[in-house]
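Peer 1: This is the structure, below, for whatever I ask next.
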Amino acid sequence: MIQFNAVIKKYAQQGEKTGWTYIEINTKLAHQLKPNCRKSFRVKGKIDDTAINAVALIPVGDGNFILALNATIRKKLYKRKNDTVLVELEEDKTGYVLNEFLVECLEDDPTALNFFNTLTKGHQNYFSKWIDSAKTTETQSKRIAMALNAFTNGWDYGTMIRNNTKNK
């Protein structure tokens, strides 16, 4: 585990990263986490008193990385650009676990499961995280039903959302 102080920064104009809030992890610290790694990898730990897990460190060149601070993390921190945070990180080797209710429903629907298994791990995780982000059980159930319908029809996430919007 590494521990360091970091200043919260925000990209102004930086292509796809425009507007991102982040902290920097320099080469030396990144190599303590995962030696000689130059591609994205997941970490867990704490930023101040806020626990994080399965958060990606993203390479930005010269061996340096950033850790993007999404809105959920920023709200928990009560900190903004130019504030300093105490960061404790270690490599997260656990990997992402799919939503258990989605998995149960897929086991009962072979057609949906077959299509789901053709998706890349990243796309599978995207659907699952979308379901996990639901604030209520009702919304989570609705999202699982939408996902199963999409898988049965061979749709990707975007097609599913567009189809659902048309039917409202």
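The values are calculated or read from the model by the stated rules, or taken from the named source; none is laboratory data. Since this is a predicted model, take the numbers as computed values, not measurements. Note: ideal-geometry Cβ built from the backbone for every residue, glycine included; neighbour counts use all protein chains shown.
Peer 1: Considering each of GLU138, GLU90 in turn, give the residue that is touching a residue at least 60 places away in the same chain (Cβ under 8 Å) and either outside the structural domain of ASN26 (by TED's automatic domain parsing) or within 30 Å of LYS10 (Cα to Cα) (or both).
Peer 2: Of the residues listed, the single one that is touching a residue at least 60 places away in the same chain (Cβ under 8 Å) and either outside the structural domain of ASN26 (by TED's automatic domain parsing) or within 30 Å of LYS10 (Cα to Cα) (or both) is GLU90.
Peer 1: OK, next. Tell me, please, whether a residue that is outside any strand (DSSP E or B), loosely packed, with under 12 Cβ neighbours inside 10 Å, at pLDDT below 95 and not acidic (Asp, Glu) can be found in segment 37-60.
Peer 2: yes
Peer 1: Name the residue, out of LEU106, LEU67, LEU98, LEU113, that is free of Cβ contacts under 8 Å to residues at least 60 places away in the same chain, under 19 Å from the mean Cα position of the chain (by Cα), surrounded by 12 or more Cβ atoms within 10 Å (Cβ to Cβ) and over 15 Å from GLN3 (Cα atoms).
Peer 2: LEU98
Peer 1: For residues that are β-branched (Val, Ile, Thr) and exposed (fewer than 15 other Cβ atoms within 10 Å of the Cβ), scanning just segment 17-36, find the one that is farthest from LEU69 (Cα to Cα).
Peer 2: Of everything passing the filter in segment 17-36, THR27 is farthest from LEU69 (Cα to Cα).
Peer 1: Further question: Out of curiosity, is ILE161 in contact (Cβ under 8 Å) with a residue 12 or more places away in the chain, under 20 Å from the mean Cα position of the chain (by Cα), more than 30 Å from ALA6 (Cβ to Cβ) and surrounded by 13 or more Cβ atoms within 10 Å (Cβ to Cβ)?
Peer 2: Taking the combined requirement at face value, the residue does not satisfy it.
Peer 1: Right, ILE144: farther than 22 Å from VAL55 by Cβ, in a helix (DSSP H, G or I), touching a helix residue (DSSP H, G or I) at 6+ places or on another chain (Cβ under 9 Å) and not assigned by TED's automatic domain parsing to the domain that holds VAL55 or not?
Peer 2: Judged against the criteria, ILE144 is a match.
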